[in-house]
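The values are calculated or read from the model by the stated rules, or taken from the named source; none is laboratory data. Small disclaimer: the values here were computed from a predicted structure and weren't measured. Heads up, the Cβs are rebuilt from the backbone with ideal geometry, glycines too, and the neighbour counts pull from every protein chain shown. Side chains are part of the model used for accessible areas, which takes the heavy atoms of the whole protein and leaves out ligands, DNA and RNA. Shrake-Rupley method; radii C 1.70, N 1.55, O 1.52, S 1.80 Å.
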Amino acid sequence: MAPIHVGALVFNYQAVDVIGPIDLLNSAGKALLTSLTQYTTLSPKTIAKAPEFVFHHIGETLDPVALTAGVTLVPTTTINDAPELDILLIGGDSPIRSNIPESYKEFIRRHVAGGKLLFTNCTGAAVVAQTGVLDGKAATVNKIEFNWIKQRYPAVKWTKAKNWIVDGNIWTGSGAVAGMDMVAHWIKENYGLDVLTEAARGLDFEPRDVNGLFTVLPPRFDADGKRIASHVFP
């Protein structure tokens, strides 16, 4: 199985929008799951199914970029040198002040036109809306800024019906953690519930379904029939 190249454009996005989903993907990767066998029991079949990811943080230059919450990120490659990506992830910044460079907009347009998978998280959908690739598409975005963004980008079919929306090769998540739920769903659909369960267990994270409910992982109950945490730890 060829490695899956995942990239994120680096600008002043909310840190968790990108770091959260990427860390979940990394936790579902073969290398991380293999390393966990030093501490707990994992099925060899689950590890064999797990994908291999290569991550790229793509900047205009290699200069450090300030994100939110005092986080500074150093790009691993530049917009001109980035490899062909299988997945592009766009985090969200302030919709009122957002103004990504034209080189980023063109990168997004090329990626989507090539049929490759695009994830947006939180107000990342508003960032992508600047490029025009969401025009005529169903999409969602952070619910706090939803009405403002809907007025700003009226060509997009904005909806709050679900916590994430899939329209072709474009997946848009609402709030930052809902974007992690969205990526969890993608992992489950492509690699199986067992791979997702182990990835989530390593983070002590329980993903929600598209309606925001905890129905993704099988429920567990104690001897008295009281529901308990879904994960089993050594």
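Within segment 99-106, one or more residues are assigned to a loop (DSSP other than H, G, I, E, B) and modelled with pLDDT under 95.
Restricting to segment 151-165, what's the tally of residues that are outside any loop (DSSP other than H, G, I, E, B) and open to solvent by 100 Å² or more (accessible area, probe 1.4 Å)? Of the residues in segment 151-165, 3 are outside any loop (DSSP other than H, G, I, E, B) and open to solvent by 100 Å² or more (accessible area, probe 1.4 Å). Figure legend. Inter-residue proximity from segment 75-101: first residues closer than 17 Å to residue 153 by Cα, second residues open to solvent by 30 Å² or more (accessible area, probe 1.4 Å), beta-carbon distance below 6 Å, spacing 6+ or different chains. Indicated pairs: 92/14; 93/12; 95/145. Against the test of being surrounded by 19 or more Cβ atoms within 10 Å (Cβ to Cβ) and of a type in the set (Asp, Glu), the options 194, 181, 204 yield a single qualifying residue, 181.
When segment 102-132 is examined, which residues are found to be touching a strand residue (DSSP E or B) at 6+ places or on another chain (Cβ under 6 Å) and farther than 23 Å from residue 159 by Cα?
Of all residues in segment 102-132, those touching a strand residue (DSSP E or B) at 6+ places or on another chain (Cβ under 6 Å) come to 104, 111-112, 117-121, 124-125, 127-128.
Answer for segment 102-132, where residues must be touching a strand residue (DSSP E or B) at 6+ places or on another chain (Cβ under 6 Å) and farther than 23 Å from residue 159 by Cα: 104, 111.
Being without any contact (Cβ under 8 Å) to a residue 60 or more places away in the chain and within 16 Å of the chain's Cα centre (by Cα) is a property that holds for residue 118. Scanning segment 68-85 for residues that are open to solvent by 60 Å² or more (accessible area, probe 1.4 Å), within 30 Å of residue 143 (Cβ to Cβ) and part of a loop (DSSP other than H, G, I, E, B) gives 69, 70.
Just for segment 29-52: of the residues that are in a loop (DSSP other than H, G, I, E, B) and under 15 Å from residue 234 (Cα atoms), which one is least open to solvent (accessible area, probe 1.4 Å)?
In this case the residue turns out to be 42.
Is it the case that segment 207-216 has a residue that's among the hydrophobic types (A, V, I, L, M, F, W, C) and in contact with a His (Cβ under 9 Å, 6 or more places away or on another chain)? Taking every residue of segment 207-216 in turn, at least one turns out to be among the hydrophobic types (A, V, I, L, M, F, W, C) and in contact with a His (Cβ under 9 Å, 6 or more places away or on another chain). Residue 65 meets the conditions (1) out of contact with any helix residue (DSSP H, G or I) (no Cβ under 8 Å at 6 or more places or on another chain); (2) crowded, with 21+ Cβ neighbours inside 10 Å; (3) over 30 Å from residue 195 (Cβ atoms) in every case but one. The failed one is (2). Residues that are over 21 Å from the mean Cα position of the chain (by Cα) and either surrounded by fewer than 19 Cβ atoms within 10 Å (Cβ to Cβ) or modelled with pLDDT of 95 or more (or both) do not occur anywhere in segment 9-21.
Which condition does residue 225 not pass, out of (1) at negative phi; (2) free of Cβ contacts under 8 Å to residues at least 12 places away in the same chain, if it passes all the others? Going through (1) at negative phi; (2) free of Cβ contacts under 8 Å to residues at least 12 places away in the same chain one by one, residue 225 breaks only (1). Taking the conditions (1) closer than 30 Å to residue 98 by Cα; (2) surrounded by 15 or more Cβ atoms within 10 Å (Cβ to Cβ) in turn, residue 230 satisfies each one other than (1). For segment 111-128, a residue qualifies if it is part of a helix (DSSP H, G or I) and open to solvent by 10 Å² or more (accessible area, probe 1.4 Å), and the qualifying residues are 111, 112, 113.
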